[in-house]
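Data first, discussion second: the structure below is written as structure tokens.
The values are calculated or read from the model by the stated rules, or taken from the named source; none is laboratory data. Treat the numbers as computed from the prediction; the structure is a model and nothing was measured. Reconstructed Cβ throughout: ideal geometry from the backbone, glycine too, with neighbour counts over all protein chains shown.
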Amino acid sequence: MNGTFTYSNPTRLHFGPASLDKLGEELCHYGPSVLLTYGKQSIKKSGLYDKIVAILQAAGKQITEDPGVMPNPTVEKLAEGAQRARDCKADLILAVGGGSVCDYAKAVSVAAWCTDDPWEKYYIRMAPVDNPIIPVGCVLTMAGTGSEMNGGSVITNHAIKRKIGRVFDDLVFPRFSILNPELTLTLPRYQMVAGCFDIMSHILEQYLSGTDDNTSDYMAEGLMRSLITASRVAARNSQDYEARSNIMWTATWALNTLISKGKTTDWMVHMMGQSVGAYTDATHGMTLAAVSLPYYRFILPLGLAKFKRFAQAVWGVNAEGKSDEEIALEGLDCMCAWMQEIGLVLSLRELGATEEMLDGIAEGTFLLRGGYKPDLTTAEVRSILQQSL
Ligand code: NZQ
Ligand code: ZN
């Protein structure tokens, strides 16, 4: 392991079919005013909304509703939620939904009592949080982002075509998260598999970097193997609880800061995917799926030893009689076959991107320096996007 680091994660998790029973206990720690934040319609359709309201009422809470959080939450919706949180003097923001609702709740948490423009302060300038925040709790209905146990919060500003992720510190992490895999059984297949690729991508962004022997990489390999097995089962049988529970648990550990410890990280697939999202509003996991293979084929020669290890340790590629490059490329072929098998989108065009958008998407892609190609250029990003089209 390299580097000096601190590991801490303040989120308390309640996992399993009976985990919603813990919500009442959690609510005791907060004052009476709860901002209940959720998406468009899934929690009403599934009956979860009624259960949550009953638990809040039994705990004597005053509920202010903040519905309609969209996938890829916008800066305009953030302003609306911050106003609502101020008006009701929220003691807790309860986010019920997927990563978008959870990310949005964190954004409202820091924005409600911010005296500047929160987008400009927290997403453009990335200033430290110096105003009071409102605690966030989460009941998760979709597995993928890891937002339930991290400080990430991604907000989209369509006016300037930027989708920007901010990672807040421990204070803004959800205080608690309730993870009942049964709640994910109602997900449309498209969202379920997009979530699976989001998990895979989070792991790869942290795994495909560095050359040292690092415990974090062994953890990453275990998570990927579990995810691949579970996603195959879930894609075949949408009601398989065991598969969904493994997917939910890998999602949380893929991005709760653990497996990046002692490592540099890449995150260029996410930077490209987010810029695609700013132009197309496409489903996050699908934007990552569309750009991953062209990007990884491009950087493979620079991280050959790790790509070879990925092929053998994660995909079980037989090395006999093959060059390192052949082994590494076969690993990516296996990943491609898995992506096709579970039904991921492998082309940006299918997500609404056009040739005319590619310059703007490339310009809007932040260049990060922790991966195997630290000197990646905007022109190279443009070429990877072209191959992803
Ligand atoms: O709005 P409703 O009706 O609830 O429908 C949602 C939404 O349309 C639906 N859904 C969620 N749970 C469901 C369900 N439908 C049926 N049954 C259920 N149980 O699924 C759709 C997508 O939900 P969303 O929350 O947008 O998906 P996801 O969890 O993938 O979140 C995506 C957002 O998270 C950000 C992404 O950029 C994107 O904005 N990310 C957050 C990260 C973090 N906090 O660290 C990291 C990620 O890399 C990612 O960038
Ligand atoms: Zn992601």
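Observations on the model:
- Against the test of being of a type in the set (A, V, I, L, M), crowded, with 17+ Cβ neighbours inside 10 Å and within 25 Å of SER388 (Cα to Cα), the options ILE259, ILE228 yield a single qualifying residue, ILE228.
- The residue list THR115, THR145 contains one member that is hydroxyl-bearing (Ser, Thr, Tyr), within 13 Å of the chain's Cα centre (by Cα) and modelled with pLDDT of 95 or more, which is THR145.
- Matching residues, region 69-88, being assigned to a loop (DSSP other than H, G, I, E, B) and out of contact with any strand residue (DSSP E or B) (no Cβ under 8 Å at 6 or more places or on another chain): MET70, PRO71
- The one condition in (1) surrounded by fewer than 21 Cβ atoms within 10 Å (Cβ to Cβ); (2) away from ligand 1 (no atom under 16 Å from the Cβ); (3) under 23 Å from the mean Cα position of the chain (by Cα); (4) more than 15 Å from ILE384 (Cα to Cα) that VAL314 fails to fulfil: (1)
- For beta carbons closer than 7 Å, sequence separation of 6+ or different chains, a first residue in region 273-285 that is under 14 Å from THR365 (Cβ atoms) and a second that is polar (S, T, N, Q) and within 13 Å of ligand 2 (Cβ to nearest atom), the qualifying pairs are GLY273/THR287; VAL276/THR287; GLY277/ASN72; GLY277/THR287.
- Number of positions in region 96-107 that are in a helix (DSSP H, G or I) and out of contact with any strand residue (DSSP E or B) (no Cβ under 6 Å at 6 or more places or on another chain): 3
- Test result for ILE63, assigned to a helix (DSSP H, G or I), more than 23 Å from the chain's Cα centre (by Cα) and outside the structural domain of GLU242 (by TED's automatic domain parsing): no
- Single match in ALA127, ALA111, ALA105 (criterion: crowded, with 24+ Cβ neighbours inside 10 Å and away from ligand 1 (no atom under 13 Å from the Cβ)): ALA111
- Taken together, the residues in region 180-222 that are aliphatic (A, V, I, L, M) and either at pLDDT below 95 or surrounded by fewer than 21 Cβ atoms within 10 Å (Cβ to Cβ) (or both) amount to 2.
- Screening VAL233, VAL172, VAL167 for residues that are among the β-branched types (Val, Ile, Thr), surrounded by fewer than 19 Cβ atoms within 10 Å (Cβ to Cβ) and either within 10 Å of ligand 1 (Cβ to nearest atom) or over 22 Å from MET339 (Cα atoms) (or both) leaves exactly one candidate, VAL167.
- Filtered residues of region 145-164 (kept if near ligand 1 (Cβ under 10 Å from one of its atoms) and more than 28 Å from HIS29 (Cα to Cα)): ILE155, THR156, LYS163, ILE164
- Residues (hydroxyl-bearing (Ser, Thr, Tyr) and under 13 Å from the mean Cα position of the chain (by Cα)) located in region 228-284: THR250, THR252, THR257, THR283
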